[in-house]
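First comes the structure, then the notes that go with it.
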């Protein structure tokens, strides 16, 4: 594996579609919208195997108090090798001066995020209005 990391907002719609659908995310069916979402993100940190996009994390922030990590995904063929942890580590370093870092996790992945330093707050609930 020729793994490398990159700070970029520019991805082809096809690369995003392949990555998002590899983890069964519905948004992969809207690759042009995902592409625009990456362009509109504050930062995007991605991981590559050569020219193949195999993972990414993006952020939205007010640049002062709060940063929200919206997407973190790693292609299943590359999971279990620390790539996701490295993506989070890069983002946490990038936003080390911002005191509140937020993400929403599916219940089965809470342990992963706790191992990365996040705290599961049982007294808070994510809320959504979504058409996806």
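The values are calculated or read from the model by the stated rules, or taken from the named source; none is laboratory data. Only a predicted model underlies this, so the values are computations on that prediction, with no experimental measurement involved. So basically every Cβ, Gly included, is an ideal-geometry build from the backbone, and we count neighbours across all protein chains shown.
Got a sec? Which of 90, 55, 82 is closer than 23 Å to residue 115 by Cα and without any contact (Cβ under 8 Å) to a residue 12 or more places away in the chain?
Residue meeting the stated conditions: 82.
State whether the residues of the stretch 62-70 include one that is out of contact with any helix residue (DSSP H, G or I) (no Cβ under 9 Å at 6 or more places or on another chain) and closer than 14 Å to residue 7 by Cα.
no
Could you pull out the residue among 101, 109 that is surrounded by 14 or more Cβ atoms within 10 Å (Cβ to Cβ) and closer than 24 Å to residue 25 by Cα?
The match here is 101.
Looking at (1) closer than 25 Å to residue 115 by Cβ; (2) surrounded by 13 or more Cβ atoms within 10 Å (Cβ to Cβ); (3) modelled with pLDDT of 95 or more, find the lone condition where residue 11 falls short.
The single condition residue 11 does not satisfy is (1).
Determine whether residue 30 is closer than 19 Å to residue 130 by Cβ, surrounded by 13 or more Cβ atoms within 10 Å (Cβ to Cβ) and over 14 Å from the mean Cα position of the chain (by Cα).
yes
Which condition breaks for residue 126 when tested against (1) at pLDDT 95 or above; (2) not in a helix (DSSP H, G or I)?
(1)
Just one of 59, 6 is modelled with pLDDT of 95 or more, under 24 Å from residue 131 (Cβ atoms) and in a strand (DSSP E or B); which is it?
Among 59, 6, only 59 is modelled with pLDDT of 95 or more, under 24 Å from residue 131 (Cβ atoms) and in a strand (DSSP E or B).
Based on what the data block shows, is residue 64 within 20 Å of residue 102 (Cβ to Cβ) and either modelled with pLDDT under 95 or assigned to a loop (DSSP other than H, G, I, E, B) (or both)?
yes
Pairs needed: first member in the stretch 118-132, on the phi < 0 side of the Ramachandran plot and surrounded by 10 or more Cβ atoms within 10 Å (Cβ to Cβ); second member anywhere, modelled with pLDDT of 75 or more and in a loop (DSSP other than H, G, I, E, B); C-beta distance under 9 Å; at least 6 residues apart or different chains.
Within 9 Å, the pairs are 118/105; 120/105.
Would you please name the residue that is nearest to residue 44 (Cα to Cα), looking only at residues in the stretch 93-104 that are touching a residue at least 12 places away in the same chain (Cβ under 8 Å) and not in a helix (DSSP H, G or I)?
Per the stated criteria, the residue is 95.
Condition check ((1) over 21 Å from residue 131 (Cβ atoms); (2) modelled with pLDDT under 95) across all residues:
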site	(1), (2)
41	no, no
46	yes, no
92	yes, no
102	yes, yes
109	yes, yes
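Which ones in the stretch 22-48 are out of contact with any strand residue (DSSP E or B) (no Cβ under 6 Å at 6 or more places or on another chain) and either more than 15 Å from residue 73 (Cβ to Cβ) or not in a helix (DSSP H, G or I) (or both)?
24, 25, 30, 32, 33, 36, 39, 40
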